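Notes to accompany the following structure.
Throughout, read-outs are computed from the coordinates displayed, never taken from laboratory work. For clarity, every value in this text was computed on a predicted model and none was experimentally measured. Cβ coordinates were reconstructed from backbone atoms using ideal geometry, including for glycine residues, and neighbour counts include every protein chain displayed.
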Amino acid sequence: MTRDISIDTPDKRIYDEVKAKWDLIAKPIDGLGLMEDIVCRIAAISEDAELKSIYRSLLTILCADNGVVAEGVTQTGQQVTASVMEQMGRGASSVCRMAKVSGTDIQVYDIGVNTDAVYEGVDLRYKVGKGTRDLVREPAMSEAELERCIEAGIDIAARAKDAGYGLLAIGEMGIGNTTTSACVCAGLLGLDARTVTGRGAGLSDDGLKKKISVVQDAIDRYKLYDLPVTEVLRTVGGYDIAGLTGICIGAAISHIPVILDGFITETAALTAERLCPGVRDYLIASHSGREAGTVAIERELALEPVIHARLSLGEGTGAVMLIELIRQAMAVYSEVYGFDDIGMDGYIRY
């Protein structure tokens, strides 16, 4: 990155104020567990104890292709990225149908899909290219491309804030991006390929072996453990991961909470935290997915996912599920009676 960014700490006073209100509601202390903490964190991040904007949610999906698909690390071909992106633009994909339930708006961006097609409902303003290069043969992207992706993400987050959204969920679509994420995760955390590499969208045992080999080769070829963060991302990452990294940074700048969705978005979150310490305070983990690297990232960022359902669909589906749970928690926070209303002494926090 070419500019210095400092990240503010969320407002602890507001966090405590909302936590105190939770304790006045007629229920056991911390009865809603992590959901109470998430509501407190959202208030502190947005600097709004009244949580006025929490009911306006946006899912931003970045779509991009990855040259490493040429190495046989996926079950399907690269053309699936454009096909699913088209369905997203039409509001017909899995996550689009789920988002309607929670009243979540969706923005779909082609940041680097290997197509010249223009699809209804798909925003092209941030498109960097038609897929990254094959990281087995050469670095995935140039410094200029990386910079454009990160700046695009920062701008997307700023636009979401300006539009009045109080929750920003992030998702992605890009065949091959669990491979690029495994490479970035391994490089940033100093882990071997087997520890961070999973089956993606259903690889066979032989396919998984091939994928692990590709990731380990990238670690060794580029000496990823020794590279600066930006070089790890540039060399073995993807346009989608880079753009999502920018969104995480931009959201922290703009004081808007980010709801993550599985391995790819968590990899971007890890990268963002390494580039701009303090970003982690603005991150909310929706679910712990099936990819091998998720546990390592969640431990590193001190993230505690809410949903444990073996999800692996991507697109932002886990993040949208959590938004619905937040709505349920807010129904209690906003409407339920207090101890005085039922003539009962309140619980004491010890």
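For the chain, the alpha carbon positions stretch 71, 42, 41 Å along the principal axes, listed from largest to smallest. Taking the centroid of alpha carbons for each part, region 5-50 and region 99-115 are 29 Å apart.
The HN-Hα couplings worked out from phi for region 159-166 by the Karplus form 6.51 cos²θ - 1.76 cosθ + 1.60 (θ = phi - 60°) are 5, 5, 5, 4, 7, x, 6, x Hz, whole numbers, x standing for Gly and Pro. In region 217-276, the inverse of the mean reciprocal separation of distinct Cα atoms equals 12.0 Å; this is its Kirkwood hydrodynamic radius. Placing a label point 7 Å from the Cα of ASP220 along the Cα-to-Cβ line, the residues of region 181-208 whose backbone N sits under 18 Å from it are 183-184, 186-187, 190-197, 208.
Across region 21-30, rounded Karplus estimates of 3J(HN,Hα) from the backbone phi angles (6.51 cos²θ - 1.76 cosθ + 1.60, θ = phi - 60°) give 5, 3, 6, 8, 6, 6, 6, x, 4, 6 Hz, Gly and Pro being marked x. Note on region 52-326: lysine pairs with Cα distance below 29 Å, sequence gap of 8 or more or different chains, count 14. All alpha carbon pair distances within region 139-280 were sorted into 10 Å bins beginning at 0; the resulting P(r) in whole percents reads 13, 43, 32, 11, 1. On the beta carbon distance between TYR55 and VAL295, with R0 = 30 Å, the FRET formula returns roughly 0.40. Extending 7 Å from Cα along the Cβ direction at GLN328 and again at ALA302 yields two label points whose distance is 2.8 nm. Computed extension gain for ILE29 through ASP8, at 0.36 nm per residue and net of the alpha carbon distance, reaches 4.6 nm. Stretched out straight at 0.36 nm per residue, the stretch from ALA163 to ARG97 would grow longer than its current Cα-Cα span by 21.5 nm. Stretching the chain fully between TYR347 and LEU313 yields a gain of 8.2 nm (0.36 nm per residue, less the alpha carbon separation). Entry note, the chain: the mean residue ellipticity at 222 nm calculated from DSSP H runs of n ≥ 4, each adding -39500 (n - 2.57), is -15000 deg cm²/dmol after division by the residues and rounding to the nearest 500.
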